[in-house]
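Written below as structure tokens is the structure these notes are about.
The values are calculated or read from the model by the stated rules, or taken from the named source; none is laboratory data. Source: prediction; values computed, not measured. In this analysis, Cβ positions are derived from the backbone assuming ideal geometry, glycine residues included, and neighbour counts consider all displayed protein chains.
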Amino acid sequence: MDLDYEHPIVEGAFGIPWLDFNLSNVLMITVSSLIVIIFTLWASRRREMKPKGMQNFMEWLIEFVKGIVGDNMDWKTGRQFLPLGLALLMYIVVSNMLGVMMLGFVETDDGTSYLWWKSPTVDVTLTLTLAGTVVVMTHYYGIKLRGTKHYLKNFISPIPIMLPFKIIEEFTNTLTLGLRLFGNIYAGEVLLILLVGLASGGFGGFIGAALPMMAWQGFSTFIGAIQAFVFTMLTMVYMSSKVSSSEQ
């Protein structure tokens, strides 16, 4: 397999010159979302007083996210962020795992290889969008729970000269939150692509790449789960810093 692959892109969608769509991203975002929705509905379809099976797992997952929220803010305030934390954790875990399980290439007649199946979080556009959405939500809930005047005063506290530094902090929070997730998943997937290329080079290449590939897939699974936890944890840290005064 040729490692010089491209992404399937539609340029100038809907007649707008600057509007480009990465079809692989659209496909994988849709797949990730559907997996999370279907799994959640399936796991909670038969709720019983004495949980068992998948209900046990879902209740453990909810308690796990509840612990993340409770570690960062008072539960009276933080309970409204439980669905957000649960959705982020599940979506990012699933997204991170899709490219670890399988990489899907389609080769055209001219020899160009298009990467269709991958982890959607391997694209910096998605991770920065998630991070930006989280940061915007922290501002929204900060204003909603603390009031506009009291919330904005935080940007000039303890002295007005802090304003530009607070603005820079918000920008860096967005970058670090998104780039941390992207960098870890991207690095893992690049190595998997290299191993897939080695394995496609014949029987000897397959034997030489099989064990390293399985080992790296196991390690990437661990990293993917950790990064989902870190993203969710930092989301609650940022949220707590915006709404903390409302807990008094």
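Summary of computed values
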| read-out | value |
| --- | --- |
| Those residues of segment 5-20 which are among the acidic types (Asp, Glu), surrounded by 11 or more Cβ atoms within 10 Å (Cβ to Cβ) and modelled with pLDDT under 75, in sequence order | Glu6 |
| Residue check, Thr138 modelled with pLDDT of 85 or more and touching a strand residue (DSSP E or B) at 6+ places or on another chain (Cβ under 9 Å) | no |
| Pair list, Cβ under 6 Å, 6 or more apart: segment 18-38 residue within 11 Å of Leu98 (Cβ to Cβ), other residue surrounded by fewer than 16 Cβ atoms within 10 Å (Cβ to Cβ) and of a type in the set (A, V, I, L, M) | none |
| Residues within segment 118-163 that are outside any loop (DSSP other than H, G, I, E, B) and either of a type outside the set (Val, Ile, Thr) or touching a Pro at 6+ places or on another chain (Cβ under 6 Å) (or both), tallied | 24 |
| Check on Val69, under 30 Å from Val243 (Cβ atoms), touching a Phe, Trp or Tyr at 6+ places or on another chain (Cβ under 8 Å) and either modelled with pLDDT of 80 or more or surrounded by 16 or more Cβ atoms within 10 Å (Cβ to Cβ) (or both) | yes |
| Residue ID - modelled with the highest pLDDT, chosen from residues in segment 183-219 that are farther than 30 Å from Val230 by Cβ and buried (at least 18 other Cβ atoms within 10 Å of the Cβ) | Leu198 |
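Residues are listed down the side, and each one gets a yes or a no for (1) touching a Lys or Arg at 6+ places or on another chain (Cβ under 7 Å); (2) aliphatic (A, V, I, L, M); (3) at pLDDT 90 or above:
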site	(1), (2), (3)
Leu3	no, yes, no
Asn22	no, no, no
Ile35	no, yes, yes
Leu41	no, yes, no
Pro51	no, no, no
Met54	no, yes, no
